[in-house]
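The values are calculated or read from the model by the stated rules, or taken from the named source; none is laboratory data. Bear in mind the structure is a predicted one, so any value in this text is a computation, not a measurement. A quick note on method: Cβ atoms are made from the backbone with ideal geometry, for glycine too, and the neighbour counts reach across all protein chains shown.
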Amino acid sequence: MSETRSDGELLRAVAADADRRAFEELYRRYAPWLTARMRSRCADAAVVDDVVQETFLAVWRGSARYREEGDVAGWLWRIGSRRLIDVLRGEGARGRLRQALARLRHRDEVSAEERVLAGVEHGDLAGALVRLSPELRAVLQATVVDGLTTREAAVLLGIPPGTVKTRAMRARRQLREALA
(Lines give C-alpha, C1' and ligand atoms only; values in the text may rest on other atoms or scores of the structure.)
Protein backbone atom coordinates (compact mmCIF):
# COMPACT_ATOMS: atom_id res chain seq x y z
CA MET A 1 0.00 0.00 0.00
CA SER A 2 1.44 3.38 -0.98
CA GLU A 3 1.86 6.42 1.20
CA THR A 4 -0.49 9.32 0.85
CA ARG A 5 1.36 12.18 -0.81
CA SER A 6 0.96 15.76 0.33
CA ASP A 7 -0.74 18.31 -1.90
CA GLY A 8 2.62 19.94 -2.60
CA GLU A 9 4.14 16.62 -3.64
CA LEU A 10 1.22 15.93 -5.96
CA LEU A 11 1.48 19.35 -7.60
CA ARG A 12 5.23 19.03 -8.04
CA ALA A 13 4.74 15.61 -9.67
CA VAL A 14 2.10 17.02 -12.02
CA ALA A 15 4.25 20.03 -12.94
CA ALA A 16 7.57 18.24 -13.32
CA ASP A 17 6.60 14.84 -14.70
CA ALA A 18 3.02 15.22 -15.96
CA ASP A 19 2.24 12.46 -13.45
CA ARG A 20 -1.29 11.37 -14.33
CA ARG A 21 -1.81 9.46 -11.07
CA ALA A 22 -0.80 12.48 -9.03
CA PHE A 23 -3.21 14.61 -11.03
CA GLU A 24 -6.04 12.11 -10.55
CA GLU A 25 -5.40 12.01 -6.81
CA LEU A 26 -5.41 15.80 -6.63
CA TYR A 27 -8.65 15.87 -8.64
CA ARG A 28 -10.32 13.30 -6.34
CA ARG A 29 -9.27 15.34 -3.29
CA TYR A 30 -10.48 18.73 -4.46
CA ALA A 31 -12.99 18.48 -7.31
CA PRO A 32 -16.00 17.63 -5.07
CA TRP A 33 -15.14 20.46 -2.68
CA LEU A 34 -14.56 22.96 -5.49
CA THR A 35 -17.80 21.90 -7.20
CA ALA A 36 -19.80 22.38 -3.99
CA ARG A 37 -18.22 25.75 -3.38
CA MET A 38 -18.86 26.90 -6.96
CA ARG A 39 -22.49 25.78 -6.75
CA SER A 40 -22.99 28.16 -3.85
CA ARG A 41 -22.02 30.94 -6.31
CA CYS A 42 -23.75 29.70 -9.46
CA ALA A 43 -26.98 27.71 -9.75
CA ASP A 44 -26.22 26.46 -13.25
CA ALA A 45 -24.68 23.01 -12.68
CA ALA A 46 -23.39 22.80 -16.26
CA VAL A 47 -21.49 26.07 -15.90
CA VAL A 48 -20.05 24.94 -12.56
CA ASP A 49 -18.94 21.60 -14.01
CA ASP A 50 -17.27 23.38 -16.94
CA VAL A 51 -15.49 25.80 -14.61
CA VAL A 52 -14.23 22.99 -12.37
CA GLN A 53 -12.94 21.12 -15.42
CA GLU A 54 -11.25 24.27 -16.76
CA THR A 55 -9.64 24.84 -13.37
CA PHE A 56 -8.08 21.38 -13.28
CA LEU A 57 -7.18 21.61 -16.95
CA ALA A 58 -5.18 24.77 -16.15
CA VAL A 59 -3.37 22.82 -13.42
CA TRP A 60 -2.64 19.90 -15.78
CA ARG A 61 -1.41 22.12 -18.61
CA GLY A 62 0.73 24.14 -16.25
CA SER A 63 -0.91 27.46 -17.08
CA ALA A 64 -1.71 27.76 -13.37
CA ARG A 65 1.40 27.42 -11.22
CA TYR A 66 1.34 26.78 -7.50
CA ARG A 67 3.99 28.86 -5.75
CA GLU A 68 3.71 26.94 -2.46
CA GLU A 69 2.19 29.97 -0.74
CA GLY A 70 -0.99 29.23 1.19
CA ASP A 71 -3.02 26.09 0.92
CA VAL A 72 -3.87 24.27 -2.29
CA ALA A 73 -7.62 24.59 -1.73
CA GLY A 74 -7.34 28.39 -1.65
CA TRP A 75 -5.17 28.37 -4.75
CA LEU A 76 -7.67 26.19 -6.63
CA TRP A 77 -10.52 28.40 -5.42
CA ARG A 78 -8.79 31.51 -6.80
CA ILE A 79 -8.33 29.85 -10.18
CA GLY A 80 -11.90 28.55 -10.26
CA SER A 81 -13.51 31.74 -8.99
CA ARG A 82 -11.72 33.80 -11.63
CA ARG A 83 -12.88 31.43 -14.33
CA LEU A 84 -16.44 31.52 -12.97
CA ILE A 85 -16.42 35.31 -12.93
CA ASP A 86 -15.17 35.36 -16.51
CA VAL A 87 -18.10 33.15 -17.52
CA LEU A 88 -20.61 35.16 -15.52
CA ARG A 89 -19.30 38.42 -16.93
CA GLY A 90 -19.53 37.08 -20.43
CA GLU A 91 -23.06 35.83 -20.28
CA GLY A 92 -24.39 36.64 -16.83
CA ALA A 93 -25.05 40.30 -16.26
CA ARG A 94 -25.34 41.25 -19.92
CA GLY A 95 -27.56 38.27 -20.65
CA ARG A 96 -29.85 39.07 -17.72
CA LEU A 97 -30.12 42.68 -18.90
CA ARG A 98 -30.98 41.58 -22.43
CA GLN A 99 -33.62 39.16 -21.11
CA ALA A 100 -35.13 41.85 -18.91
CA LEU A 101 -35.24 44.29 -21.82
CA ALA A 102 -36.83 41.65 -24.05
CA ARG A 103 -39.52 41.10 -21.40
CA LEU A 104 -40.05 44.86 -21.29
CA ARG A 105 -40.87 44.93 -24.98
CA HIS A 106 -43.52 42.21 -24.63
CA ARG A 107 -45.51 43.63 -21.72
CA ASP A 108 -47.64 46.68 -21.27
CA GLU A 109 -46.85 47.27 -17.59
CA VAL A 110 -43.23 47.88 -16.63
CA SER A 111 -42.04 47.06 -13.11
CA ALA A 112 -39.65 49.24 -11.14
CA GLU A 113 -36.97 46.53 -11.34
CA GLU A 114 -37.21 46.46 -15.12
CA ARG A 115 -36.88 50.24 -15.28
CA VAL A 116 -33.71 50.04 -13.19
CA LEU A 117 -32.30 47.27 -15.41
CA ALA A 118 -33.06 49.32 -18.50
CA GLY A 119 -31.38 52.31 -16.87
CA VAL A 120 -28.25 50.27 -16.18
CA GLU A 121 -27.79 49.58 -19.86
CA HIS A 122 -29.11 52.79 -21.42
CA GLY A 123 -29.73 55.46 -18.82
CA ASP A 124 -27.97 57.79 -16.46
CA LEU A 125 -26.58 54.92 -14.39
CA ALA A 126 -24.79 53.47 -17.41
CA GLY A 127 -23.10 56.80 -18.03
CA ALA A 128 -22.18 57.19 -14.38
CA LEU A 129 -20.69 53.69 -14.31
CA VAL A 130 -18.62 54.38 -17.42
CA ARG A 131 -17.18 57.50 -15.79
CA LEU A 132 -15.90 55.55 -12.77
CA SER A 133 -12.22 54.64 -12.78
CA PRO A 134 -11.47 51.04 -13.81
CA GLU A 135 -10.44 50.21 -10.23
CA LEU A 136 -13.77 51.37 -8.81
CA ARG A 137 -15.76 49.63 -11.58
CA ALA A 138 -13.86 46.38 -10.92
CA VAL A 139 -14.80 46.47 -7.23
CA LEU A 140 -18.47 47.11 -8.06
CA GLN A 141 -18.41 44.32 -10.65
CA ALA A 142 -16.98 41.85 -8.14
CA THR A 143 -19.13 42.80 -5.15
CA VAL A 144 -22.43 43.86 -6.70
CA VAL A 145 -22.77 42.10 -10.06
CA ASP A 146 -20.83 38.93 -9.22
CA GLY A 147 -22.01 38.86 -5.61
CA LEU A 148 -18.61 38.18 -4.06
CA THR A 149 -17.86 38.97 -0.43
CA THR A 150 -15.29 41.63 0.37
CA ARG A 151 -12.69 38.95 1.14
CA GLU A 152 -13.38 37.05 -2.10
CA ALA A 153 -13.27 40.26 -4.14
CA ALA A 154 -9.94 41.09 -2.50
CA VAL A 155 -8.50 37.73 -3.53
CA LEU A 156 -9.89 38.05 -7.03
CA LEU A 157 -8.61 41.60 -7.55
CA GLY A 158 -5.33 41.05 -5.71
CA ILE A 159 -5.87 43.90 -3.26
CA PRO A 160 -6.41 44.03 0.53
CA PRO A 161 -10.00 43.72 1.84
CA GLY A 162 -9.77 47.24 3.29
CA THR A 163 -9.00 48.58 -0.18
CA VAL A 164 -12.07 46.78 -1.55
CA LYS A 165 -14.24 48.46 1.10
CA THR A 166 -12.70 51.88 0.47
CA ARG A 167 -13.11 51.62 -3.30
CA ALA A 168 -16.71 50.40 -2.94
CA MET A 169 -17.48 53.36 -0.68
CA ARG A 170 -15.85 55.79 -3.15
CA ALA A 171 -17.71 54.23 -6.07
CA ARG A 172 -21.08 54.53 -4.32
CA ARG A 173 -20.35 58.14 -3.37
CA GLN A 174 -19.37 59.04 -6.95
CA LEU A 175 -22.48 57.30 -8.31
CA ARG A 176 -24.74 59.17 -5.86
CA GLU A 177 -23.17 62.47 -6.90
CA ALA A 178 -23.44 61.66 -10.61
CA LEU A 179 -27.09 60.62 -10.31
CA ALA A 180 -28.20 63.44 -7.95
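Could you list, in sequence order, the residues of segment 125-180 that are touching a residue at least 60 places away in the same chain (Cβ under 8 Å) and of a type in the set (D, E, K, R)? Hits for segment 125-180 are Asp146, Glu152. In segment 137-160, which residues are among the charged types (D, E, K, R), surrounded by 18 or more Cβ atoms within 10 Å (Cβ to Cβ) and in a helix (DSSP H, G or I)? Matches in segment 137-160: Glu152 only. Total residues in segment 11-25 satisfying the condition of being at pLDDT 85 or above and in contact with a Lys or Arg (Cβ under 9 Å, 6 or more places away or on another chain): the figure is 2. For segment 161-180, residues that are modelled with pLDDT of 80 or more and either among the aliphatic types (A, V, I, L, M) or loosely packed, with under 12 Cβ neighbours inside 10 Å (or both) total 10.
Output the number of residues of segment 122-136 satisfying the condition of being surrounded by 16 or more Cβ atoms within 10 Å (Cβ to Cβ) and outside any helix (DSSP H, G or I). Count: 1. Scanning segment 27-61 for residues that are at pLDDT below 90, surrounded by 11 or more Cβ atoms within 10 Å (Cβ to Cβ) and over 17 Å from the mean Cα position of the chain (by Cα) returns Leu57, Val59, Trp60.
On inspection, Ala13 fails the criterion of being within 25 Å of the chain's Cα centre (by Cα) and either within 28 Å of Leu148 (Cα to Cα) or in a helix (DSSP H, G or I) (or both). For segment 75-90, the criterion of being modelled with pLDDT under 65, crowded, with 16+ Cβ neighbours inside 10 Å, in a helix (DSSP H, G or I) and out of contact with any strand residue (DSSP E or B) (no Cβ under 6 Å at 6 or more places or on another chain) is met by none of the residues.
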